[in-house]
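The values are calculated or read from the model by the stated rules, or taken from the named source; none is laboratory data. Model, not experiment: these values are computed from the prediction. FYI the Cβ positions are ideal-geometry reconstructions off the backbone, even for glycines, and counts take in every protein chain you see. These accessible areas exclude ligands, DNA and RNA; they are computed on the full protein's heavy atoms, side chains included. Shrake-Rupley method; radii C 1.70, N 1.55, O 1.52, S 1.80 Å.
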Protein chains: 2
Amino acid sequence: MATPSNHTQTADETIHGRGLRMTDQRRAVYDVIMGERDHPTAVEVFTRVRSKVPTISLATVYNCLDTLTGCGLVKTVAHERESARYCPNLEEHAHFFCEACKAVTDLPLRSRKKPEDVWEFPGEFAIASHEVSFSGTCPKCSAKPAKSNKR
Amino acid sequence: MATPSNHTQTADETIHGRGLRMTDQRRAVYDVIMGERDHPTAVEVFTRVRSKVPTISLATVYNCLDTLTGCGLVKTVAHERESARYCPNLEEHAHFFCEACKAVTDLPLRSRKKPEDVWEFPGEFAIASHEVSFSGTCPKCSAKPAKSNKR
DNA sequence: ATCTAAATAGGAATAATTCTTGATAAGGAC
DNA sequence: GTCCTTATCAAGAATTATTCCTATTTAGAT
Ligand SMILES: [Mn+2]
Ligand SMILES: [Mn+2]
Ligand SMILES: [Zn+2]
Ligand SMILES: [Zn+2]
């Protein structure tokens with residue numbers, strides 16, 4: 001899965017469309033995120049990217065992540081007070097945070113369902129975005145006795 | 001609304017039930033949060049509490065908030081990377097963050113609706129908790145041209 | 001080849017929160 | 001009431017993720 005070679009063209013266009021440049025650093029950060037379906041932190045992206053662009057700085061990784069997020073090519077995921085994570089999945093979805101193994105799982109929206117139908121809005125609220133996160137124990141960790149997964 | 005004198009008894013019992021003491025600081029922090037239906041940050045709680053307990057320190061406010069949250073007497077609300085907010089509403093609800101006036105509004109769960117029915121869980125996930133936040137423009141701010149509310 | 005604005009590396013700065021520590025106070029045993 | 005044990009507190013230092021700053025480099029246009 002994950003075909004960065006295909007996405008690259010579109011990402012370039014999107015970046016260019018904003019009057020920005022697709023630099024080596026930005027492409028490397030983008031490829032790292034699209035290359036896995038996990039939700040790495042900025043530091044994790046940093047360490048992965050350094051194999052391709054060894055001179056990149058953490059500040060640049062933050063800048064690139066910011067740019068990519070601003071262009072809608074990547075999503076930022078916040079969970080409690082933890083460090084931000086970055087997500088390659090652009091479909092509408094929620095997240096499950098496993099308290100045992102710390103893995104983050106995408107939860108796709110069920111068809112025909114709408115988050116705004118579940119809660120009551122006392123007035124005319126203009127919803128620009130929403131973020132939904134569940135936490136608990138993931139299937140892998142529920143099965144096994146204690147913490148036994150990688151990471 | 002808001003009858004802290006009534007809650008106090010129960011809060012005391014809850015605190016005692018955990019082998020903890022209801023100190024002046026803890027009661028003051030608790031009363032401050034229950035006294036309004038907004039969602040103050042730790043620093044806002046700090047400044048409000050100082051009128052009752054002028055010698056309290058910010059670290060103690062953080063400790064008290066932590067204790068109260070741990071006892072289930074108060075909820076912690078996280079939104080993106082912003083500072084944590086604290087909520088007196090113990091009912092299940094989501095939050096709306098107005099990007100214009102920064103107000104936080106409680107969104108009660110509609111009866112018969114369940115958050116976990118909206119998203120698809122690929123496996124046996126044990127849900128311990130969930131947090132849902134919408135953001136956009138609140139009714140007050142949608143009506144008026146630009147930012148014109150207090151705060 | 002030259003020019004200009006955007007982008008980067010590296011390090012300093014910021015801000016929210018947590019940690020550390022010595023002093024204080026509450027509650028129970030006697 | 002006095003003594004003892006332990007929880008709690010205040011104050012400030014430390015931590016950590018993220019942002020800011022600035023001199024230097026680079027991409028892209030002319
Ligand atoms: Mn995701
Ligand atoms: Mn609330
Ligand atoms: Zn797990
Ligand atoms: Zn508003």
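Counting heavy atoms of the protein chains alone, A:Thr14 has an accessible area of about 40 Å² for a 1.4 Å probe.
In chain A, the inverse of the mean reciprocal separation of distinct Cα atoms equals 17.2 Å; this is its Kirkwood hydrodynamic radius. Separation of the range A:5-71 from the range A:79-95 is 16 Å, based on Cα centroids.
Counting only protein chain heavy atoms and rolling a 1.4 Å probe, the accessible areas of B:Ser133, B:Ser83 rank, largest first, as B:Ser83, B:Ser133.
When chain A is turned onto chain B, the axis of that turn runs closest to one Cβ of chain A, and that residue with its distance in whole Å is A:Val132, 2.
In a solvent-free Debye calculation with one equal scatterer on each Cα, what is log10 I(q)/I(0) for the range A:6-77 at q = 0.28 Å⁻¹, listed in the order of the q values? These q points yield log10 I(q)/I(0) values of -1.48. Annotation: A:Asp12 carries an accessible surface of approximately 30 Å², with a 1.4 Å probe and no ligand, DNA or RNA atoms counted.
Each copy carries A:Glu120; placing its label point 7 Å along the C-beta direction from Cα gives inter-copy distances of 3.1 nm, listed from smallest up.
Each residue was assigned an accessible area with a 1.4 Å probe, and for A:Tyr86 the value is about 20 Å².
Across the protein chains, with a 1.4 Å probe defining accessible surface, the residues B:Ile127, A:Ile33 rank B:Ile127, A:Ile33 from largest area downward.
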